[in-house]
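This report concerns only the one structure given below.
The values are calculated or read from the model by the stated rules, or taken from the named source; none is laboratory data. In this text, all values refer to a predicted model and were calculated from it rather than measured experimentally. Counting neighbours? That spans all protein chains shown, and the Cβs are built from the backbone with ideal geometry, glycine included. These accessible areas exclude ligands, DNA and RNA; they are computed on the full protein's heavy atoms, side chains included. Shrake-Rupley method; radii C 1.70, N 1.55, O 1.52, S 1.80 Å.
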Amino acid sequence: MKNIDRLKNTYFKIYGNHLEVEQAFENLQDIITEADKQRDNRLKEMDKKESNWYFSNKMVGMTLYTDLFAGSFSKLSKKIDYFKELGITYLHLMPLLKPREGENDGGYAVEDYKNVDPLLGTLEEFEKLLKIYNKSGIKICIDYVVNHVAKEHAWAQKALNNEKQYQDMFIMFDDETTPNLYNQTVPEVLPDKCPGNFTYYPEIDKYVFTSFSHFQWDLNFQNPYVFNGMVDNLLYLANLGVNMIRLDAIPFMWKEINTTCRNLEPIHDLMHMFYLIKEDVCPSCALLGEAIVEPEQIVSYFGDNHQTECEVMYNANLMVDIYNSFASRDARLMTIDANRFQLPKKGTWMNYVRCHDDIGWGFNEQAVAELGFDPHAHKQFLIQFYGNNFHDTFSKGEYYQYNPKNQDARTNGTLASLLGLEKAIDEKREYKRYESIRRINLAHALIMSYKGIPLIYSGDEIATLNDQSYKEDPNKQKEGRWVHRPFFDWKRAKNKEICDTNEYDVYQALKEMIKQRKKLPQLHGQTEQYAIDTQNKHVFCFIRKHQSKTLIAMFNFSEMSQNVNVYALRQFATSSKYKDVFSNRSINLYDEKIELSPYEYLWCIQV
Ligand code: GLC
């Protein structure tokens, strides 16, 4: 194992260097050696050829639930043409490992990591699906819920059976003293649905750390055997042949009294160890981190050039900046944020405008204050604007986890409903419909060109609206996020071929963007990106450079036409003559100005 020394150093750094830990480390080495033996030759060949695939501009992602989209693995195997037609080359299949029965947080309460959800099919069917998709050039990512297990997981069951060794794999206490201490500094994740951070279990007379819900038990990563066991699962999943593994809820993985129990330093060592191990056993399988926290914390999970952690991170900050720019018609915060962090060489973003989760309004508070806004009031503005509780808002999103103590809340809703289509349809106002379609297309054009992998949330490509039918399902009705997790509507999807339908207007524009993206080496994940202040706050603009070829992308976040100051662009560009790849419109940087129509986007390449 080539990374053994670094691994050992980090392991001993966090677990201490004594005999018991030596034994635990030997156990870890056995797990790694065994997984290496199990990795089949086809995957080993792939490991040799494909370690940096996630940087390619050919990568275009979609995320979906197998059951809601197709019903089962075998049916999903037959839907490959749908993805190919749009140009999708990466598919994130939402939780598909065996979850607990009944309510299971959309599959994020896993009972068995080495088995799949029987409602979706068998493990063999899943492996077959992986091969079919990989053969067609579509990479597959799956979720790995690493912070917690379902209370039906074997470890938790043994703990409930009073087995001390397994109780040590969780964080549990005999009385309320320590839980109360934790609760003084640890914020609640779901204050409305699951208040408190602990659950009392009378059968063992103990209080168990449960950040997300009473049925999701947080693992105790201070126990090296928890880490070892989770490495074993990780390598098992990689050896099935998946191309990327999404590490769920990583900021929660380490707990200490008198802290918020978020983003604590040892998590970075855990991440780095996962990375070192996977680099040895399965380097073509990339690690995607999910950390929906403050922007400066998100970026920290890339690690740095000496200590890589996750290769790809969700760009939650960009998502918030996109909604912020639409609501305030002001893209300055996005400009500041785009230039804020330099990613390490191995790292790139996963850029998205919607996903299966709610939107948490975490933004760069200092920059907001410097722009002259009060961060608290500004957050309230976004909550109200997208929660359909603001004068003249176009949005029909919904409040989520409202906290009456501080009026904090997050937001649910589909892209189309959030950006105005649902309201426009309700009000039967064609002009508003047109505006909302332009917003949706602008948002897609932005994630398609921003540094990283673009990720479309299934259903957004056909302008899916909020769906209230989850309220009829007893396993879903208490969880508002299902409003944006409907069954895929195959009948409505046919409209994507019929001119002037919402589906057509969104789908065809997106398809064209994908086609263009794949032709533009400037959009490769390793090329530079720099955001430019155009002196017009409504317009976001950045340049990407590949060798001497520059691409200038511009996005007008307002419903009014805008002029862009060409002088600012000239300083960065290597030539003066450009054309927009979508309209073929010529852009000359020696013209007086560039005019953008309402919500217009341009991708200008040198001619
Ligand atoms: C992640 C998932 C979310 C889930 C949570 C707990 O944030 O995206 O859906 O509820 O983790 O597993």
Cβ-Cβ below 8 Å, separation at least six or inter-chain, first residue in region 231-247 and farther than 11 Å from LYS114 by Cβ, second among the hydroxyl-bearing types (Ser, Thr, Tyr) and not in a strand (DSSP E or B): which pairs? ASN243/SER284; MET244/TYR54
Can you say whether GLN535 is open to solvent by 10 Å² or more (accessible area, probe 1.4 Å), at positive phi and in contact with a strand residue (DSSP E or B) (Cβ under 7 Å, 6 or more places away or on another chain), as far as the supplied structure shows? yes
Helices (runs of 4 or more DSSP H) lying entirely in region 134-197 (those with 1 or more residues that are open to solvent by 40 Å² or more (accessible area, probe 1.4 Å) and in contact (Cβ under 8 Å) with a residue 40 or more places away in the chain): 154-160, 177-185
I'd like to verify a number: residues in region 344-383 that are part of a loop (DSSP other than H, G, I, E, B), away from the ligand (no atom under 16 Å from the Cβ) and aliphatic (A, V, I, L, M), how many? 1
For region 261-306, name all the residues that are within 16 Å of the ligand (Cβ to nearest atom) and among the hydroxyl-bearing types (Ser, Thr, Tyr). TYR301
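Residues checked against (1) more than 16 Å from the ligand (Cβ to nearest atom); (2) among the small types (Gly, Ala, Ser):
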residue	(1), (2)
PHE126	yes, no
GLY137	yes, yes
TYR144	no, no
VAL149	no, no
GLU163	yes, no
MET169	yes, no
GLU176	yes, no
ASP192	no, no
When restricted to ALA331, ALA338, the only residue in contact with a strand residue (DSSP E or B) (Cβ under 6 Å, 6 or more places away or on another chain) and open to solvent by 10 Å² or more (accessible area, probe 1.4 Å) is ALA338
So TRP217 ticks every box in (1) open to solvent by 10 Å² or more (accessible area, probe 1.4 Å); (2) within 16 Å of the ligand (Cβ to nearest atom); (3) part of a strand (DSSP E or B) but one. Which box is left unticked? (1)
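Conditions (1) touching a strand residue (DSSP E or B) at 6+ places or on another chain (Cβ under 6 Å); (2) touching a residue at least 60 places away in the same chain (Cβ under 8 Å); (3) open to solvent by less than 10 Å² (accessible area, probe 1.4 Å), marked per residue:
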{"site": "TYR275", "(1), (2), (3)": "yes, no, no"}
{"site": "LYS278", "(1), (2), (3)": "no, no, yes"}
{"site": "VAL281", "(1), (2), (3)": "no, yes, yes"}
{"site": "LEU288", "(1), (2), (3)": "yes, yes, yes"}
{"site": "ALA291", "(1), (2), (3)": "no, no, yes"}
{"site": "GLN297", "(1), (2), (3)": "no, no, no"}
{"site": "GLY303", "(1), (2), (3)": "no, no, no"}
{"site": "HIS306", "(1), (2), (3)": "no, no, no"}
{"site": "VAL312", "(1), (2), (3)": "yes, yes, yes"}
Residue selected from region 500-532 under the condition over 23 Å from ILE88 (Cβ atoms) and charged (D, E, K, R), by the criterion surrounded by the most Cβ atoms within 10 Å (Cβ to Cβ): GLU528
Can you give me the ranges of the helices (runs of 4 or more DSSP H) entirely in region 403-500 with at least 1 residues that are closer than 30 Å to ILE552 by Cβ and free of Cβ contacts under 8 Å to residues at least 12 places away in the same chain? 430-449
Please determine whether any residue of region 192-199 is at pLDDT 95 or above and under 19 Å from ALA24 (Cα atoms). no
Only one of (1) of a type outside the set (A, V, I, L, M, F, W, C); (2) more than 16 Å from the ligand (Cβ to nearest atom); (3) open to solvent by less than 40 Å² (accessible area, probe 1.4 Å); (4) on the phi < 0 side of the Ramachandran plot does not apply to THR122, and that is (3)
Scan region 383-402 residue by residue and report those that are surrounded by fewer than 21 Cβ atoms within 10 Å (Cβ to Cβ) and either over 24 Å from the mean Cα position of the chain (by Cα) or touching a residue at least 12 places away in the same chain (Cβ under 8 Å) (or both). ASN388, ASN389, PHE390, HIS391, ASP392, THR393, TYR399, GLN401, TYR402
